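The values are calculated or read from the model by the stated rules, or taken from the named source; none is laboratory data. Model, not experiment: these values are computed from the prediction. All Cβ positions, even for glycine, are placed from backbone atoms using ideal geometry, and neighbour counts span all protein chains on display.
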Amino acid sequence: MKWVAPDQSGLASFGYSGDVPEVQLPSRPSLCPVWVVEDDSAVRASLKFALEVEGYGVFLFESGATALLAAAQAIPCCRLIVDYGLPDMDGVQLVTELSATGVKGRPVFMTTAPNERLRRMAKSLNAAIVEKPLMQDRLLPIIGQMGCACGAAT
């Protein structure tokens with residue numbers, strides 16, 4: 001697999017054969033970027049807008065698989081917003097696999113109904129849970145208070 005640089009639209013992809021969607025790169029690079037892993041395109045777009053207004057660089061992924069591909073390419077991540085109910089894996093599994101690859105992003109799980117397993121796992125991962133529908137007035141302060149997992153200036 002090989003990372004393909006973004007074109008004028010800001011879209012980039014991994015150069016290999018297979019059915020994996022494009023990954024959108026941040027329009028404003030950040031020393032401490034946020035990854036958003038969410039299968040709903042409207043939620044991804046909303047989060048991208050809200051985070052960029054706050055000055056964050058944002059990488060968007062529509063599945064756990066695309067996030068894992070980005071991890072294999074050492075794309076930086078310091079904060080991680082993950083939909084708990086991704087179609088290809090649950091958010092806890094994704095965070096665990098990303099951590100095993102060296103991704104240091106501090107996680108926030110998004111879900112419509114947090115269950116006991118998620119609460120236990122979030123506690124063990126020092127992660128936050130934000131319920132959908134997203135209330136950005138709740139999510140943005142959590143992201144801001146997390147600090148940077150990679151030690152860079154925010």
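Taking region 27-51, which residues are modelled with pLDDT under 90, surrounded by 14 or more Cβ atoms within 10 Å (Cβ to Cβ) and over 12 Å from the mean Cα position of the chain (by Cα)?
SER30, CYS32, ALA50
Can you find a residue that is part of a strand (DSSP E or B) and modelled with pLDDT of 95 or more anywhere in region 64-80?
There is no residue in region 64-80 that is part of a strand (DSSP E or B) and modelled with pLDDT of 95 or more.
For region 101-139, name all the residues that are of a type in the set (Ser, Thr, Tyr) and either in contact with a strand residue (DSSP E or B) (Cβ under 8 Å, 6 or more places away or on another chain) or within 15 Å of LEU51 (Cβ to Cβ) (or both). Working first, answer last.
We begin by selecting, within region 101-139, every residue of a type in the set (Ser, Thr, Tyr); these are 101, 111-112, 124.
Those that are of a type in the set (Ser, Thr, Tyr) and either in contact with a strand residue (DSSP E or B) (Cβ under 8 Å, 6 or more places away or on another chain) or within 15 Å of LEU51 (Cβ to Cβ) (or both): THR111, THR112.
How about region 53-67: which of its residues are in contact with a Leu (Cβ under 7 Å, 6 or more places away or on another chain) and not hydroxyl-bearing (Ser, Thr, Tyr)?
GLU54, VAL58, PHE59, GLY64, ALA67
Within region 31-54, can you find the residues that are in contact (Cβ under 8 Å) with a residue 60 or more places away in the chain and outside any helix (DSSP H, G or I)?
Residues satisfying the conditions are LEU31, CYS32, VAL34, TRP35, GLU38, GLU54.
Whether any residue in region 118-135 is part of a loop (DSSP other than H, G, I, E, B), among the hydrophobic types (A, V, I, L, M, F, W, C), out of contact with any Lys or Arg (no Cβ under 6 Å at 6 or more places or on another chain) and at pLDDT below 85 is what I want to check.
Yes: one or more hits.
When the residues of region 91-109 are narrowed to those that are closer than 18 Å to PRO33 by Cβ and part of a strand (DSSP E or B), which ends up modelled with the lowest pLDDT? Walk me through how you get there before you give the answer.
First pass over region 91-109, keeping only residues closer than 18 Å to PRO33 by Cβ: 94-95, 98-99, 101-108.
Filter again for part of a strand (DSSP E or B), leaving 106-108.
Details: ARG106: 85, PRO107: 93, VAL108: 94.
Once the filter is applied, the top-ranked residue is ARG106.
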